[in-house]
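These notes are about the structure you will find just below.
The values are calculated or read from the model by the stated rules, or taken from the named source; none is laboratory data. As the structure is a computational prediction, the values presented were derived from the model and not from experiment. So basically every Cβ, Gly included, is an ideal-geometry build from the backbone, and we count neighbours across all protein chains shown. Ligands, DNA and RNA are stripped out before the accessible areas are found, and what is left, the full protein with its side chains, is counted by its heavy atoms. Shrake-Rupley method; radii C 1.70, N 1.55, O 1.52, S 1.80 Å.
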Amino acid sequence: MNRIIFIIIIGLFSQLATSQHTLSKKYNLMPWPQEIQENNSKFKIKETLTLVILGKDSEGRVQKAATKFLRRLAERTGVFIDTGFPVKNPKAAIKIDFQTVSDLTIHQDESYRLNIKNDEVLIQAKTDVGALRALETLLQLAMHTNSENYFPGVTVQDTPRFVWRGLMIDVARHFQPIAVIKRNLDAMASVKLNVFHWHLTDDQGFRVESNTYPKLQELASDGLYYTQAQIKDIVKYASDLGIRVIPEFDVPGHASALLTAYPELGSKDNYKYSIERYAGVFNPTLNPIKEETYVFLENLFTEIAPLFPDAYFHIGGDENEGKHWTENKEIEKFKKQQQLKTNHDLQTFFNIRLEKILKKLGKKLMGWDEIMTPTMPTTAVIHSWRGTNEGLQSSTLIEAAKKGYNTVLSNGYYIDRLLSVKHHYTVDPIGDAVLTKEERTRILGAEATMWSELVTPLTIDSRIWPRTAAIAERYWSAKEVNNIDDMLRRLEKVSLYLEELGITHIRNKDVILRNMTKGKDISSLTTLSNICEPLKVYSRNKGGTEYKSFSPFTLFADACVVDAKDAVIFNKNTAKFTDTNDIKSYSIINAYLVRWTENHEAFLEISKNPILQPLKPLSKNLAAVSELLHTSLQTKKITQEEVDQCKNDIKQLTKPFADTELVIVDALQKLLFYCEAKYLIKQ
């Protein structure tokens, strides 16, 4: 009997999983909900559509979100909705019913239920933030035929897998204006991210106005900083979207800018501190044995902390090599007196002092995983960023959870490394780790990190999106939602939704290319940019000394993006053709080879320009390889001389061009091997 019940249960789960997979091919939802079922209904989107809020919206979140929903729905569908604001009539077609207003903590409830019928759309949620998440799902469900727009009849039950789903934006290396922050907050909300980690200080700039220590903005910001009024505005804007804001003030290292303003707090006497213009890890460090350092930080944090209502306050704490500490005799003497054997021990001493300061201000200390030392209290939150790339066997996330710390993962989600969306999507925050219930609870979630050494307001969106939408799914959806092809199909549509919100990841490419061609035809550059990607894992700026913070970031590498779209198509079809001789793939491959052959002539028309000279060898060799391969595929012939020449040209294409790499090289090599094996003329 028990065996029969077990088989029935397994069958039900299998049926549900199959149903979810089938529906994921039909609906462009991201993140994918925990459960969705069709109900054979269709809600038509007409001019008479109305919406009512049934919960007590004391914070006004749902009113603002519902109004914005109606605008976005009208713009997406083209329907002239008669009533552009929520109404009071409880019989309105779209009903939003919630019970309480969220206080925006890690304990907030974001679950919702969405039921779409022929004549009614009902949203039910425990909190107003849950209602906001439902509205984003509903908007993604908007569909159309030749004659009408509609919401398909579905019932959705949804709740997030992790309570902390964040995006970190570094505004210290390159300052990002308010408009950039707000449009990215809108994008975050659209894919249900709920934490904006604001990296506000570093060696390259201190970006917050201080009335207590005004030299911070006068001497340490280059005039690029946020006023306290602007910070309040951003925090309120984020709150209206159900997003918490976590500030980061990086200490005791990464302090060049801070010490430019207040050098007396530094660890090295008579050292000329200045704002750093390059990227990297630098020596200037706050002096942890001076009482004035803690007075300064307590006064600063007392002023700044109230701007950020969230309970968590990030102190950075990373990449402090302690060189200036070691060189300071007084600091070395202090270490011996306090029985602090290493600089890590000294930094823990510093961190514990900070934790006490923040505790008085009602804040919980959070820091990068270097702060996890044997004597660091488990009240701290560990932000895990190091892993195999940093010489560890694995990320520090699981270790932190097992040691009793609440923890958040960023290892595997460093989007500034410019790795493929497939790479990030296959990183699961927990993986296959075996955890107790308590240890699992301590893993709060994860954050994607956008460090800004190589991005400006012009390019930052293309480095964050659309990959972060797929990462957001990894944070929200069930672990079993992991089909890459299905994700890529949905992401293509969601990328366009992001553009509707003002994200510039698509449009600014042409802005950069027009700047490069001085207004001439950009089509040949567009062709090249669709098969080239920026150099990855910081190799574009090796050692941090090629680019300064004020160098031009309007170059070919800045126009190129990860997952170059034509390269993805060409590589996929090349693999299919060489494996199976697929006719459709053969046609697609040849169309690209013809395009790349002809592109060089168009490139030469615009190339009398210094900024384009580094791309000439790329264009020339690509054309030569493409012409030879196309001819060989058409004639089914290739000579040994042509093979050797093609190999040499492909070898040239493996080199970086203008800080980019041609990401079809392996596919071209595979085609050459195919032609050599099939068509080589025996002599």
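The set of residues in region 420-457 that are closer than 23 Å to Lys493 by Cα and open to solvent by 50 Å² or more (accessible area, probe 1.4 Å) comprises Lys422, His423, Thr426. So, in region 49-82, of the ones that are in contact with a helix residue (DSSP H, G or I) (Cβ under 6 Å, 6 or more places away or on another chain) and of a type in the set (A, V, I, L, M, F, W, C), which residue ends up surrounded by the fewest Cβ atoms within 10 Å (Cβ to Cβ)? In this case the residue turns out to be Ile81. Restricting attention to region 563-586, the residues that are within 23 Å of Arg417 (Cα to Cα) and polar (S, T, N, Q) add up to 1.
In region 406-419, of all residues being not aromatic (Phe, Trp, Tyr) and not in a loop (DSSP other than H, G, I, E, B), the one that is most open to solvent (accessible area, probe 1.4 Å) corresponds to Asn406. Any residue at all in region 376-398 that's surrounded by 18 or more Cβ atoms within 10 Å (Cβ to Cβ), out of contact with any helix residue (DSSP H, G or I) (no Cβ under 8 Å at 6 or more places or on another chain) and of a type in the set (Phe, Trp, Tyr)? No, region 376-398 contains no residue that is surrounded by 18 or more Cβ atoms within 10 Å (Cβ to Cβ), out of contact with any helix residue (DSSP H, G or I) (no Cβ under 8 Å at 6 or more places or on another chain) and of a type in the set (Phe, Trp, Tyr). Of all residues in region 246-274, exactly one satisfies the criterion of being in contact with a Ser or Thr (Cβ under 7 Å, 6 or more places away or on another chain) and surrounded by fewer than 20 Cβ atoms within 10 Å (Cβ to Cβ), namely Ser274.
Kindly list the number of the only condition in (1) open to solvent by 30 Å² or more (accessible area, probe 1.4 Å); (2) under 25 Å from Ser267 (Cα atoms); (3) in contact (Cβ under 8 Å) with a residue 12 or more places away in the chain that fails for Lys403. In the conditions (1) open to solvent by 30 Å² or more (accessible area, probe 1.4 Å); (2) under 25 Å from Ser267 (Cα atoms); (3) in contact (Cβ under 8 Å) with a residue 12 or more places away in the chain, Lys403 misses (2) alone. With respect to the conditions (1) in contact (Cβ under 8 Å) with a residue 40 or more places away in the chain; (2) open to solvent by 10 Å² or more (accessible area, probe 1.4 Å); (3) under 24 Å from Leu241 (Cα atoms), Ser495 lacks only one, and its number is (1). Screening Arg514 on (1) touching an Asp or Glu at 6+ places or on another chain (Cβ under 6 Å); (2) part of a helix (DSSP H, G or I) shows it passes everything except condition (1). Residue selection: Glu332 fails the criterion of being outside any strand (DSSP E or B), surrounded by fewer than 23 Cβ atoms within 10 Å (Cβ to Cβ), out of contact with any Phe, Trp or Tyr (no Cβ under 9 Å at 6 or more places or on another chain) and of a type outside the set (A, V, I, L, M). Kindly check whether there is at least one residue in region 588-602 that is in a loop (DSSP other than H, G, I, E, B) and open to solvent by less than 70 Å² (accessible area, probe 1.4 Å). Checked region 588-602: no residue is in a loop (DSSP other than H, G, I, E, B) and open to solvent by less than 70 Å² (accessible area, probe 1.4 Å).
Taking the conditions (1) assigned to a helix (DSSP H, G or I); (2) open to solvent by 50 Å² or more (accessible area, probe 1.4 Å) in turn, Lys608 satisfies each one other than (1). So which pairs qualify, if the first residue must be in region 635-663 and on the phi < 0 side of the Ramachandran plot, the second must be loosely packed, with under 12 Cβ neighbours inside 10 Å and at pLDDT 95 or above, the Cβ gap must be under 7 Å, and the two must be at least 6 apart or on different chains? Here the result reads none, with nothing in region 635-663 linked to a residue that is loosely packed, with under 12 Cβ neighbours inside 10 Å and at pLDDT 95 or above. Just so you know, in region 19-48 the residues that are modelled with pLDDT under 95 and open to solvent by 80 Å² or more (accessible area, probe 1.4 Å) include one that is farthest from Tyr497 (Cα to Cα), and it is Asn40. Filtered by the rule that a residue be of a type outside the set (D, E, K, R) and within 25 Å of Ile106 (Cβ to Cβ), region 192-225 gives Leu193, Asn194, Val195, Phe196, His197, Trp198, His199, Leu200, Thr201, Val208. When residues in region 346-375 are screened for being hydrophobic (A, V, I, L, M, F, W, C) and surrounded by fewer than 16 Cβ atoms within 10 Å (Cβ to Cβ), 1 of them pass.
Considering region 458-481, and only residues there that are in a loop (DSSP other than H, G, I, E, B) and of a type outside the set (Gly, Ala, Ser), the residue that is most open to solvent (accessible area, probe 1.4 Å) turns out to be Glu480. The listed residues are Lys572, Lys576, and the only one of them that is without any contact (Cβ under 8 Å) to a residue 24 or more places away in the chain, under 26 Å from Ile506 (Cα atoms) and open to solvent by 30 Å² or more (accessible area, probe 1.4 Å) turns out to be Lys572. The listed residues are Thr155, Thr159, Thr201, Thr145, and the only one of them that is farther than 20 Å from Pro33 by Cβ, surrounded by fewer than 23 Cβ atoms within 10 Å (Cβ to Cβ), among the hydroxyl-bearing types (Ser, Thr, Tyr) and at pLDDT 95 or above turns out to be Thr145.
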